[in-house]
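Have a look at the structure below before the remarks.
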Amino acid sequence: MQFQLLLSATFAAGLTGGSVGGLTAGHSESCAPDRAGRDETTVRRLSDSLHLIHRYGANMVVFTGPDGVLKVDGGFLDAAPEIELALAELTDEPVRYLINTHWHKDHTGANAYWGLAGATVIAHENVRMRMLGSGDKEGEKMLFHDPPMDPEGLPTVTFRERLELTFNGEPVLIEHYAFGHTDGDSVVYFPGQNVVVMGDLYRQDNFPYIELRSGARPAGMLRAIEAVLRRVPADVTVVPGHGAVGTRADLREFYDMLWDANEQIKRAVTAGQDLIALYNNKMLGEYEDRWADGGQRNRVRGFLQIMWYCYAPKSARGLGEDRAPAVKPEF
Ligand SMILES: [Zn+2]
């Protein structure tokens, strides 16, 4: 196993996390739906050596082989014993590496469980920062893992832009995309298996969550997805953070929806519509059925709230982001 720490340049930090006046969308460090008894642990084969494990709405991927297990995302802590049993059906080898795609608890809650079992945790440096503690940064209330992560669960290998491992004789590429879902998102590529694991930069079962308070913005999520789409082959298997495994075409559908919704919302805010009007007018049309599970109003409201606060003027306690129409890239 080799590490190649490729780049150390600081990524563009044009957007700083700021408070979002009036933003009430609850998130509680998790993007998964309510955990109460909704599902059981399921294992799905993606290839000979890659499997998807799903529990409590969260997707995890395990790469098994002679070097042991490399796991992408840990899931919730209370699911960990069940996940371990499911893994034992696949391999006798231990989890050597645990990659966190971002800091939310539905992806990191079991970190210490796997860390105590000997796994080395790998994540973007901002994931570690948000796990370390609480408090303010530059006078702004920041979002932090609450309570702080146990030492055994902290990432001990961090990176800024990308990290390349060789594991089970194959490359595993971990790439950071800035300010899409959070400020510490990674996409994990398994080129030898033709699989890409998106974390919550892509969810298949709901509108996206864009964590404005971490500096994430709709444009950042669109840039991230565009970069992945430009890179992966047409027959790639795409694993979302939540929801069913899909194809490049499914990821493209998500991108097109977000692009269109983003432009529509910019226009509506420019025209002076407030959040209640956006919601009551069902402005996202058929997207509300497709992306909010039959138009569930709480899901529609959650997405519109984020998008509206992003573009609403500061006089309306929004972030006042630039609402100029964007030109859709051809690719
Ligand atoms: Zn998340």
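No lab work stands behind these numbers, since they all come straight from the coordinates. Keep in mind the model is a prediction, meaning the values are calculated, not measured. Please note: Cβ atoms are built from the backbone with ideal geometry, for glycine as well, and neighbour counts cover all protein chains shown.
Quick look at the values:
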{"item": "Within-11-Å neighbourhood charge of Ala123 [Cβ basis; K, R +1; D, E -1]", "result": "-1"}
{"item": "Mean Cα-pair separation over length for segment 12-268, i.e. relative contact order, pairs under 8 Å, 6 or more apart, %", "result": "15 percent"}
{"item": "Whole-Hz couplings from phi, Karplus 6.51/-1.76/1.60, listed for segment 225-239; x for Gly and Pro", "result": "5, 4, 4, 5, 4, 5, 9, 8, x, 4, 9, 5, 9, 10, 9"}
{"item": "Beta bridges by DSSP in the chain, antiparallel share as percent, to the nearest 5", "result": "70 percent"}
{"item": "Residues Arg290, Arg203, Arg96, Arg45, sorted so that the one with the fewest Cβ neighbours within 10 Å comes first", "result": "Arg45, Arg290, Arg96, Arg203"}
{"item": "Simple Cβ-charge dipole of the chain, Lys/Arg +1 and Asp/Glu -1, about Cα centre, in debye nearest 20", "result": "1020 debye"}
{"item": "Estimated inter-spin distance, Leu85 and Lys282, nm [label 7 Å along Cα→Cβ]", "result": "4.4 nm"}
{"item": "Cut-off under 5 Å, modelled amide H: who pairs with Thr101 long-range", "result": "Asp73"}
{"item": "Helical contribution to [θ] at 222 nm, DSSP H n ≥ 4, -39,500 (n - 2.57), averaged over the chain, rounded to 500", "result": "-8000 deg cm²/dmol"}
{"item": "HN-Hα J in Hz across segment 90-100 - Karplus 6.51, -1.76, 1.60, θ = phi - 60°, x for Gly and Pro", "result": "9, 7, 8, 7, x, 6, 8, 10, 10, 9, 9"}
